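Structure first, commentary second.
The values are calculated or read from the model by the stated rules, or taken from the named source; none is laboratory data. This is a predicted model, so every value here is computed, not measured. Here the Cβ is made from the backbone with ideal geometry for all residues, glycine too, and neighbour counts use every protein chain on show.
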């Protein structure tokens, strides 16, 4: 039977990435990505709701993210949803949802020596928007 576990997010980075090197030499970076949506409530007033997502990047991607992304950057991330359980003395058993990132890139125009990772629509002739 076929199944699919695929997550695509566009949001803003909540803090600067921090690279960690584990005992076995594996590198990991955890990112906090905020996605927001605007909607009208029952009274017709605009409201905004923000969700925070935990993104996990390993090895080469972890190293790349730690050097290329900064707090506030607008990112595209793609991967799969995983649930992990662990136990803490203070809170007992906890279950967390994390996105194991397979693909990630900035939607910001880079300045200086870094070319933009994605062109703006006005830079691509013939697009209607």
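The table that follows gives values for the structure above.
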| item | result |
| --- | --- |
| Among residues of region 1-21, those that are over 18 Å from residue 68 (Cα atoms), in a loop (DSSP other than H, G, I, E, B) and touching a strand residue (DSSP E or B) at 6+ places or on another chain (Cβ under 6 Å), counted | 1 |
| Checking residue 55 against (1) touching a residue at least 24 places away in the same chain (Cβ under 8 Å); (2) over 13 Å from residue 101 (Cα atoms), the condition it does not meet | (2) |
| Looking only at region 21-42, and only at residues there that are surrounded by 12 or more Cβ atoms within 10 Å (Cβ to Cβ) and without any contact (Cβ under 8 Å) to a residue 24 or more places away in the chain, the one that is nearest to residue 101 (Cα to Cα) | 32 |
| Any chance residue 6 is surrounded by fewer than 10 Cβ atoms within 10 Å (Cβ to Cβ) and at pLDDT 95 or above | yes |
